Amino acid sequence: MAAGAAVSVVRAVCAAVALVWVSGAVAFAAQPGRRSIDAGSEVAKGHYVNVRYGYSVNFPTGLLVAEPESDAGDGRAFHARRGSAKAAVWGAWKLDDLDQRPSTIAAEAEQECGGPAAYKVVKPTMAAVSCVTKKGDVLYRKTLLKGDQIVSLQMTYPAAERATWDPVLQRVAASLTILEPAR
């Protein structure tokens, strides 16, 4: 086989492999119930799954660095590659002796604001609070409840960095999902 023909064969094989890979990736991403974030310039996406408490969340690896899972196995913290943004996700089980209604969870989160929250949503299975603290940081906390599961996401960042972090927070918060825990 001539060198030119060999190169053509290699190119054809590479093109076929790429087409199969892209087709498979598109089919996988298009499956019903799959959630992902459109990270734009964040490029690479990370996906953290906590099997013990049954939840998952997506995060942009181009902007956030995942720290090791906590020793208790309940969650993970993240810090900004640049800047001082921080995020954390954690899970827990509802306890009978604590008031863990969404309204109570929202009120507790709002206390960290040092005043009324600028954004507060309370639903039967969710509580979310956002504010700018007295230190000038945006604080956002979202908690999901399902059965005896409680899953929370908290993110803080300087209000001066809202242009960068507000869109990231929206996508990360939207990706927080309760799954079936491994008991």
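Looking at the square roots a ≥ b ≥ c of the eigenvalues of the Cα gyration tensor of region 40-178, which shape do they give, rounded for a/c under 1.5, prolate if a/b is larger than b/c, or oblate? Oblate.
The peptide list 64-71, 141-148, put in order of mean Cβ contacts within 10 Å with the highest first, becomes 141-148, 64-71.
Neighbour counts of C-beta atoms inside 10 Å place Met155, Met126 in the sequence Met126, Met155, starting with the fewest. Model label sites at Arg162 and Arg81, defined 7 Å from Cα along the beta-carbon direction, differ in position by 2.5 nm. Going from the fewest other Cβ atoms within 10 Å to the most, the residues Tyr55, Tyr119, Tyr48 appear in the order Tyr119, Tyr48, Tyr55.
Applying 0.36 nm per residue to the separation of Lys135 and Leu98 and subtracting their alpha-carbon distance, the gain on full extension is 10.3 nm.
Each reported figure results from applying straightforward, stated rules to the coordinates on display, with no laboratory input. Since the model is a prediction, treat every value here as computed from it, not as a measurement. When we count neighbours, we look across all protein chains shown, and the Cβ atoms used for this are built from the backbone with ideal geometry, even at glycine.
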